[in-house]
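What follows is a short report on a single structure.
The values are calculated or read from the model by the stated rules, or taken from the named source; none is laboratory data. Everything numeric in this text was worked out from a predicted model, so none of it was measured. Virtual Cβ from ideal backbone geometry, glycine too; neighbours counted across all protein chains shown. Remember, those area values only see protein heavy atoms, side chains included, never the ligands or the DNA or RNA. Shrake-Rupley method; radii C 1.70, N 1.55, O 1.52, S 1.80 Å.
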Amino acid sequence: MGKRRAGRELLRSLSKKQKKHLREFGEEHPFYDKGNITVQVEVRSDDSDKSSAESDSETEVEQVSGYHKLLATLKTSPESESEEEEDESESEEAEESEAEMDSEGSQEIGEEEGGEEDKKDVAEEKEATDTAEQMLRQEQADGTDTSCDPRHGVIEEFTDVKHESEFSLETNFMEEENGDGNADRKDSNPFKQHMDKELEEKEIEKMSTLPKTSSQSQWPRLGQVIFSSTSEKQKSLKADKEVDVKQLHLHKPLESTWPKVNKQFLSAVDKPIDSFFTPLQRELFCIMNSYRDLFYPERNALTNGEEVRHAYCLHALNHVLKANAQVLCNNAKRRDRKPGADTDDHRDQGLTRPKVLVLVPFRECALRIVHILISLLEVNDKKKIDVSNKKRFKGEFGSDPEEKPPNLKRPEDYEAVFAGNIDDHFRIGVAILQKSMRLYAPFYSSDIIIASPLGIRTVIGAEGEKKRDFDFLSSIEILIIDQADIYLMQNWEHVLHLMKHINLLPLDSHGVDFSRVRMLNLNNWSKYYRQTLLFSALQDPQINSVFNKHCFNYTGQVAVRNVPLTGSISHVVVQLPHVFRRLEADSVTSVIDARFQFFIDKVLPEYRDAIMSHTLIYVPSYFDYVRLRNYFKKEDLNFTHICEYTKKAAVCRARRFFLKGEKQFLLFTERFHFYKRYTIKGIRNLIFYELPTYSHFYSEICNMLKATDNGVDATWTCTVLYSKYDAQKLAAVVGIDRTAQMLQSKKNVHLFVTGEN
């Protein structure tokens, strides 16, 4: 079974040229490098004849080995060759130091990608190649396109073209038993109310120019809820204490499937009020079903993450089923209409078919969403829905439990976030039609698109690129951004790039029937009807900016704004004096330079003395890290550094040097801590160059001091730099009451945590 899986993975990693060579010669061509097309051409022009001549005399074992060696040389820049040689020469020494620190170190090394323990021996590679050749011939005989796997970065992606006619909205009609009884009731159906409302140009101008008016309310579960809208006649929204199924206006199959799918969360509630929702889901769905924009910054992967995921999946699927039911019903009406009858009443589509875009950080998240959608469509165990390409989907988005290194000790929240397949480059189209689901549907034939920010960015492209496409985003009606805080650790620019290209007029018609297109889409008013659902584990200025500047829903916005009362400093278990040093800045843009100048003028001189050794400097921003690293090199300070791009051997050396006191300073980035969660030993002095993005990182870093028990805890120090623009982060660390006092006072604040707070 393992050999067949290895063969499948090897096959999917090949390009079309590689497969052609595999069919003709029964072996991989060693000079095809999928990572760099330019290098492929140059190398092949010089050595292709030689490689062809050698292919007859060499064994397959040698070809596989040479192929991997060649890839390693082609992907290595000349500047980095010397560094890699140094890493290889010292890797043995670094691993010995890792084992010398504790057993955890060796386990951490084991989790690094590309570890030696994960490599197959040569004999297994040979059998995997043979299996790949057999599978290639078999799948080509079946007519299956296997030219791509997004995990390997191949440009050509697999899309399901065989089921195009079966899932076409234009050529299908509504089945009687699947009809939505509320489809034509404009007075009560939230979907019809929202999408059929015709705005006037004056209202659009007001939304573009007038400031939003806000009001707040206290909800039982969500807490403080802020309502904002440009409309003068904003309808009030109150939390439902009980849920009436009829008032939800769910599409017919969802009324019976949702209680079964959501049963796992209802059983955890002590005294459930209703049999449909948990208290959190009830209030969230109440807002979702009103088609207002929503920002919920208290999504926790460890506690309520799956509750939230199920709630927005229900809303998204309900929206898609209602929209498709409306189109299929109108198809039947147009088919039975009399010649010459007016067809303007049948405007029920956008300029492109995709209606829902779900942004998630990892493949595991996409896998869970698809499983929820399938469960919601299956009425009972006997009536299974037809899911196209389900086996392929599980293979590409699933994970192998054996791949996880054993005995790794990480916090529970880390295990919850990084569960399953954590590849962050993917996108998949999902088409839903009555009793069937089509995975890997082409984007322009999809109802729902599930993607990561990186996956969607590579399709959108950049200005000036020849191959780019964002027309499929023109008619998105629901945008779901889940786990937005993780994108801060990946690349937030991808999210901003998406927001700039969503709901724009398409450059091509893509075969649309303009007689069926809603006027709101033709007027380029799609963004005023789009509902944005934003879920995050924290409040951050960058996330707030997206919600405030890129959400234009005419029904208004709803944001949950609860303030922390205690802060994460209460979870520090070591006796440690905390000194919060305030820096002054004139604006948000100038605070970066002001912090750097404050650090090198006021803070760093106090730590230059040899007595202040073992100083860890925690730096959230990679750009600040590079700036500090360059300054430390210029000043010839005794330091080492670890960031998210540091190689395994260099990390081992840095940790060893810092532990033994051979290096006085350790520059340490937040993203490295987010992805690895290593325990850094030997810390005596802490400097938070900026408050951490995740408030619980503050207590985690502080508690690392207890990892070194050498009786010098009386000399431990912790210094934190902050400004008035760090109010949200400061409140998450010290609590709202202390934050108000610290922002009013311009003096440094000294706090002493006894470990009992």
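Tabulated data
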{"item": "Qualifying residue in segment 272-282 (condition: among the charged types (D, E, K, R), under 26 Å from GLU364 (Cα atoms) and either modelled with pLDDT under 95 or under 27 Å from the mean Cα position of the chain (by Cα) (or both))", "result": "yes"}
{"item": "Among residues of segment 671-689, those that are of a type in the set (A, V, I, L, M, F, W, C) and assigned to a strand (DSSP E or B), counted", "result": "3"}
{"item": "Residue in segment 230-249 that is at pLDDT 90 or above and either assigned by the TED database to the domain that holds ASP381 or over 33 Å from the mean Cα position of the chain (by Cα) (or both) present", "result": "no"}
{"item": "Subset tally (residues that are assigned to a loop (DSSP other than H, G, I, E, B), touching a strand residue (DSSP E or B) at 6+ places or on another chain (Cβ under 8 Å) and over 17 Å from PHE426 (Cα atoms)) for segment 374-399", "result": "1"}
{"item": "Candidate set from segment 644-671 (those that are under 22 Å from the mean Cα position of the chain (by Cα) and within 24 Å of VAL603 (Cα to Cα)); member that is surrounded by the most Cβ atoms within 10 Å (Cβ to Cβ)", "result": "GLU670"}
{"item": "Options HIS425, HIS371: the member that is in a loop (DSSP other than H, G, I, E, B), open to solvent by 10 Å² or more (accessible area, probe 1.4 Å) and modelled with pLDDT of 95 or more", "result": "HIS425"}
{"item": "Residue in segment 308-316 that is touching a Lys or Arg at 6+ places or on another chain (Cβ under 8 Å), modelled with pLDDT of 95 or more and over 30 Å from VAL512 (Cα atoms) present", "result": "yes"}
{"item": "Single residue of segment 492-546 satisfying the filter (among the hydroxyl-bearing types (Ser, Thr, Tyr) and assigned to a helix (DSSP H, G or I)) that is surrounded by the most Cβ atoms within 10 Å (Cβ to Cβ)", "result": "SER526"}
{"item": "Count of segment 176-223 residues which are among the hydrophobic types (A, V, I, L, M, F, W, C), modelled with pLDDT of 90 or more and under 20 Å from MET288 (Cβ atoms)", "result": "4"}
{"item": "Residue in segment 586-603 that is of a type in the set (A, V, I, L, M, F, W, C), in a loop (DSSP other than H, G, I, E, B) and touching a helix residue (DSSP H, G or I) at 6+ places or on another chain (Cβ under 6 Å) present", "result": "yes"}
{"item": "Conditions (1) over 19 Å from PHE547 (Cα atoms); (2) outside any helix (DSSP H, G or I); (3) without any contact (Cβ under 8 Å) to a residue 40 or more places away in the chain: number failed by LEU199", "result": "(3)"}
{"item": "Residue within segment 317-340 that is polar (S, T, N, Q) and in contact with a Leu (Cβ under 6 Å, 6 or more places away or on another chain) present", "result": "yes"}
{"item": "Residues within segment 449-461 that are in contact (Cβ under 8 Å) with a residue 12 or more places away in the chain and out of contact with any His (no Cβ under 7 Å at 6 or more places or on another chain), tallied", "result": "6"}
{"item": "Condition check for LYS549: assigned by the TED database to the domain that holds ILE226, out of contact with any His (no Cβ under 9 Å at 6 or more places or on another chain) and exposed (fewer than 15 other Cβ atoms within 10 Å of the Cβ)", "result": "yes"}
{"item": "Selection status of GLY395, on the phi > 0 side of the Ramachandran plot, out of contact with any Asp or Glu (no Cβ under 7 Å at 6 or more places or on another chain) and in the same structural domain as HIS319 (by the TED database)", "result": "no"}
{"item": "Residue count, segment 564-614 (criterion: touching a strand residue (DSSP E or B) at 6+ places or on another chain (Cβ under 7 Å) and at pLDDT 90 or above)", "result": "15"}
{"item": "Tally, over segment 679-695, of residues that are open to solvent by 10 Å² or more (accessible area, probe 1.4 Å), farther than 26 Å from GLY735 by Cβ and either not β-branched (Val, Ile, Thr) or not assigned by the TED database to the domain that holds ARG627 (or both)", "result": "2"}
{"item": "Flag if TYR698 is open to solvent by 30 Å² or more (accessible area, probe 1.4 Å), modelled with pLDDT of 95 or more, under 19 Å from ASP624 (Cα atoms) and not assigned by the TED database to the domain that holds ILE486", "result": "no"}
{"item": "Subset of segment 379-399 [surrounded by 10 or more Cβ atoms within 10 Å (Cβ to Cβ) and at pLDDT below 80]", "result": "LYS383"}
{"item": "ASP636, sole failed condition from (1) open to solvent by 60 Å² or more (accessible area, probe 1.4 Å); (2) within 29 Å of ASP413 (Cα to Cα)", "result": "(2)"}
{"item": "Qualifying residue in segment 652-670 (condition: charged (D, E, K, R), in a helix (DSSP H, G or I), closer than 24 Å to LEU583 by Cα and at pLDDT 95 or above)", "result": "yes"}
{"item": "Contacts under 9 angstrom Cβ, first residue in segment 619-641 being more than 18 Å from ASP609 (Cβ to Cβ) and in contact (Cβ under 8 Å) with a residue 40 or more places away in the chain, partner open to solvent by 60 Å² or more (accessible area, probe 1.4 Å) and hydroxyl-bearing (Ser, Thr, Tyr), 6 or more apart", "result": "TYR622/TYR645"}
{"item": "Scope segment 267-326; condition buried (at least 19 other Cβ atoms within 10 Å of the Cβ), over 30 Å from ARG347 (Cβ atoms) and among the acidic types (Asp, Glu); matching residues", "result": "GLU283, GLU307"}
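Residue-wise test of (1) in contact (Cβ under 8 Å) with a residue 40 or more places away in the chain; (2) in contact with a strand residue (DSSP E or B) (Cβ under 9 Å, 6 or more places away or on another chain); (3) open to solvent by 30 Å² or more (accessible area, probe 1.4 Å).
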position	(1), (2), (3)
HIS194	yes, yes, no
SER217	no, yes, yes
PHE227	yes, yes, no
LYS238	no, yes, yes
LYS246	no, no, yes
HIS249	yes, no, no
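Listed here are the residues, each with its yes/no results for (1) of a type in the set (A, V, I, L, M); (2) open to solvent by 30 Å² or more (accessible area, probe 1.4 Å); (3) under 34 Å from the mean Cα position of the chain (by Cα).
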residue	(1), (2), (3)
ALA559	yes, no, yes
ILE569	yes, no, yes
GLN575	no, yes, no
GLU584	no, yes, no
THR589	no, yes, yes
PHE596	no, no, yes
